[in-house]
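A short reminder: the numbers here are calculations on the coordinates, not readings from a lab. Because the structure is predicted, anything quoted here is derived from the model rather than measured. Cβ placement follows ideal geometry from the backbone for every residue including glycine, while neighbour counts extend to all protein chains displayed.
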Amino acid sequence: MSKKKKVRVEFRKNREKPPRENDITRDFKEGDGRADDAQSGERVRAKGSLSRYRTVMQTEADDGTSMPATDANECLRGRVLRVHGLASVVETDDGRVFRCAVRRLLKSLATDERSVVTTGDVVWIRPARAEGSKQKSESDEPTDVSSLSSDLCSLSSAPEEGVIERVEPRHGVLTRASRRREHVVVANVDQLVIVMSLVEPNLKPHLIDRYLAVAQQGGLNPVLCLNKSDLADAVELQPLIGLYAQLGIPVFLCSARTGFGIERLREQLRGRSTVFSGQSGVGKSSLLNAIQPDLALAVKSVSEVNQKGRHTTTYSQLIKLNFGGWVVDTPGVRQLALWAARPEEMEGYFPEFRPFVPLCGFPDCTHTHETSCAVKDAVARRFVTSRRYHSYLNLFHGPAEE
Ligand SMILES: Nc1nc2c(ncn2[C@@H]2O[C@H](COP(=O)(O)OP(=O)(O)OP(=O)(O)O)[C@@H](O)[C@H]2O)c(=O)[nH]1
Ligand SMILES: [Mg+2]
Ligand SMILES: [Zn+2]
């Protein structure tokens, strides 16, 4: 399944200044030194600051990402429950909770530090040993775990400490673009519950379509959950519910307040790994509290309801369900920008276009400005709803990122 290989990786330096004040290679660098001088000069410099590359053993993962190999005897496997700045809270398979730093080499390998470790990751951690024990080679010592205490002061029971040595390849990810970077919000989940409220805030069908694209991109089964059914008449929603049901998406009408539809939703979560996502205030945390009351997740209080822009849930958190399965509660999103999707991929996110695409006049038809476009004809003849077509245009032209 996976094979090991040696690779050279760029190693981030942790010292900017050379160890010697007297830089005897300076003359050479400034242009008048001879090659011989340079060689002799290099010999007296500390090796650490010169070698920017080192050889590591890597496991080639299926998805092309690679991480350093670890010694399974010394390490424990676990899942990342949440990430606070530099620290990650990991629950190991035997049920212990560790607060962990990330091994520095792991950070060097990642292309985007924000996503080196994310909620839901399956990781291997090395438990920290008692003080004074030597555990690592000089240049690969982990980030100091004791400096992380302040990040985790919110933890009630003081957990053990450790270092994340390896992150397993991810499947099922919720990814978004944030400030022109990829942000993997959650990893290793099976389904995405797209939470919308009928009112407060109002239903946003275009956001649903955007989420459906994100789900397909990340390999997640989408589920649509329409909350706050106690506040509005759902009769007008029948066409919308029908449309998504036709696309094969389970639709749940529910109310966290009255409990309507909660039992069905609970069954949908049983035994699966699920992420709840949606705008702030739609009731993600309230629904989870209704599904499993002992979670006691913070929800927006009445006094805060009119304060726009406040997110009640501030970080993604992986929660074990007592009836089997895992769920991730996430902070609300304002916009949802797709990460790295090319315009020509967009038609693939609209399964109802499929029968018409081969009938377009041009084989590379984008279904936007072209004259002989079978998709546009299908919209005109109402085989495809114009709302979904507009969602497509919106995704195709790519709205502004956050
Ligand atoms: N009437 C009614 N109110 C609800 C329902 N579900 C949630 N609410 C209210 O909506 C508000 C927001 O709920 P939260 O659960 O905090 O929303 P959230 O989606 O978790 O919000 P963020 O954590 O900010 O992303 C709270 O005041 C809830 O009491 C519902 O089904 N009916
Ligand atoms: Mg919340
Ligand atoms: Zn076309």
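With r as the distance between the Cβ atoms of residue 245 and residue 199 and R0 = 25 Å, compute the FRET efficiency 1/(1 + (r/R0)^6) and round to 0.05.
Efficiency, rounded to the nearest 0.05: 0.70.
Give the long-range amide H neighbours of residue 278: residues separated by 5 or more places, or on another chain, with amide H under 5 Å away, using H modelled in the peptide plane at 1.01 Å from N.
195, 333
FRET efficiency for residue 297 and residue 272, Cβ-Cβ distance as r, R0 = 22 Å, nearest 0.05?
0.70
Determine the equivalent ellipsoid of segment 174-329 by diagonalising the alpha-carbon gyration tensor, then write out the semi-axes as square roots of 5 times the eigenvalues, largest first, rounded to whole Å.
Working through the eigenvalues yields semi-axes of 20, 19, 18 Å.
At residue 315 and residue 359, where each label point lies 7 Å from the Cα along Cα→Cβ, what is the point-to-point distance in nanometres?
About 5.3 nm, to one decimal.
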